[in-house]
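Colleague: Pasting a structure here, questions to come.
No value in this document is a laboratory result; all are computed from the given coordinates. All of these numbers come straight from a predicted model, not from anything done at the bench. Please note: Cβ atoms are built from the backbone with ideal geometry, for glycine as well, and neighbour counts cover all protein chains shown.
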Amino acid sequence: MSENLQQYEGNTPEAVQDRPWVNPLVDVYENDNEMLLIADLPGVTQMGLSINLDKEQLSIVGTIDEEQVGTAVGREYQKVDYRRTFLLPNGIDQSKIEAELKLGVLHLHLPKREEVKPRQIEVKAG
Amino acid sequence: MLTRWSDVDRTYLMIDDFQRRVSQMFEGFETRRRPGLGLTPRGTWPPVNMYDTVDALEFHALVPAVSDKDLKISVNQDVLTISGERQVTAPEGYSVHRQERGSVKFSRSFTLPCKCNMERVSATVKHGVLTLRMAKAPEAQPRQITVTTQE
């Protein structure tokens, strides 16, 4: 058993800071040309958002950028980080991924590679 | 005998390690699972923070995908109401793989803790956060009273 435990050493990263984080809510859509990932990230500015692609792992990390004004009288949300990681399917053209942030909502366009797009084969009358 | 003791130590170390790993698994589990960012009871939307700067009250609400047109803010006596609608629709021509974001119609009311000057209210939406700033009425603001000595 002790060998078993040692084997897993390093597989579970531990947090250094006690900073809370949540999973943002995400929609995933697909059409013939692309996959579209939409995530709610309220309070995240362009500066506080980082999207990383490591092989097929796409991770979204955002921080709420809120300045403290006065004293808090009532608190229903904290200054948290948003974190979520996805495994991209094969056939995504990773060099053409585009992201836009609007009204606190992230739209991530993941275009498909040409060879996986469905295509129509024309039939010629002989 | 000495080796025996170190065996015992190792067993305890292993148990400690195991405990640490199990508690690490559940760390933040509750907050991570709840989409509303933690402190609001389920079904309360949007989450709102209230701040008191000395001369004004400030409300911050997390309202992603809600534009200024979808928001309605009203004040009746000393009750502030923030209401509106968030509409999330699947983009046209796309098939759905996963849909976690929902549409919601909301209305939340707050009793203002002090009188506010309704002429000086500003509300803005930026990056999915509504910021509502209401200046306090002059009589509700803290006042300094100077003390003079009399001979």
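Colleague: Farthest toward the dipole's positive end in the protein assembly as shown, which of A:GLY74, B:GLY93, A:ILE92, given Cβ charges of +1 (Lys, Arg) and -1 (Asp, Glu) about the Cα centre?
Modeller: The residue sitting most towards the positive pole is B:GLY93.
Colleague: Still on this structure: Helix B:2-26: angle to the longest alpha-carbon principal axis of chain B, degrees 0 to 90, nearest 10?
Modeller: The two axes meet at around 30 degrees.
Colleague: Can I ask one more? If r is the Cβ-Cβ distance from A:GLU98 to A:GLN68 and R0 is 35 Å, what FRET efficiency results, to the nearest 0.05?
Modeller: That pair, A:GLU98 with A:GLN68, gives E of 0.55.
Colleague: Taking θ = phi - 60°, what integer Hz values does the Karplus form 6.51 cos²θ - 1.76 cosθ + 1.60 yield along the range B:130-144, in sequence order, with x for Gly and Pro?
Modeller: Residue by residue, the range B:130-144 yields 8, 10, 10, 10, 10, 6, 6, 5, x, 6, 8, 7, x, 10, 9 Hz.
Colleague: Using 0.36 nm times the number of residues separating B:VAL96 and B:THR81, minus their current alpha carbon distance, what extension gain do you get?
Modeller: 1.9 nm
Colleague: Rg(Cα) of the protein assembly as shown divided by 2.2 N^0.38 Å?
Modeller: That works out to 1.40 for the protein assembly as shown.
Colleague: Let me ask another. Given charges of +1 on the Cβ of Lys and Arg and -1 on the Cβ of Asp and Glu, with all other atoms neutral, how large is the dipole of the range B:99-151 about its Cα centre, in debye to the nearest 20?
Modeller: Dipole of the range B:99-151, to the nearest 20 debye: 340 debye.
Colleague: Say we join alpha carbon atoms closer than 10 Å with springs in a Gaussian network model of chain A; which of A:LEU103, A:LEU49, A:LEU41 then has the biggest fluctuation?
Modeller: Of A:LEU103, A:LEU49, A:LEU41, the most mobile in the Gaussian network model is A:LEU103.
Colleague: Turning to a different aspect of this structure: Looking only at trypsin sites (Lys or Arg not before Pro) in DSSP loops with at most 14 other Cβ atoms within 10 Å, what is the longest site-free stretch of chain B?
Modeller: Longest site-free region, per DSSP loop and neighbour criteria: B:43-114.
Colleague: Mind putting a number on the dipole of the range B:52-93 about its Cα centre? Charges go on the C-beta only, +1 for Lys and Arg and -1 for Asp and Glu, and I need it in Debye to the nearest 20.
Modeller: 200 debye
Colleague: Please label the shape of chain B as rounded, prolate or oblate, based on the square roots a ≥ b ≥ c of the eigenvalues of the alpha-carbon gyration tensor (a/c under 1.5 means rounded; beyond that, a/b larger than b/c means prolate, else oblate).
Modeller: oblate
Colleague: Give me the count of lysine pairs in the protein assembly as shown whose alpha carbons sit under 25 angstrom apart, restricted to pairs 8 or more positions apart or on different chains.
Modeller: The result is 22.
Colleague: Taking only Cα atoms and a 10 Å spring cutoff, compute GNM fluctuations for chain B and point out the largest among B:LEU112, B:LEU57, B:LEU13.
Modeller: Top of the fluctuation ranking is B:LEU13.
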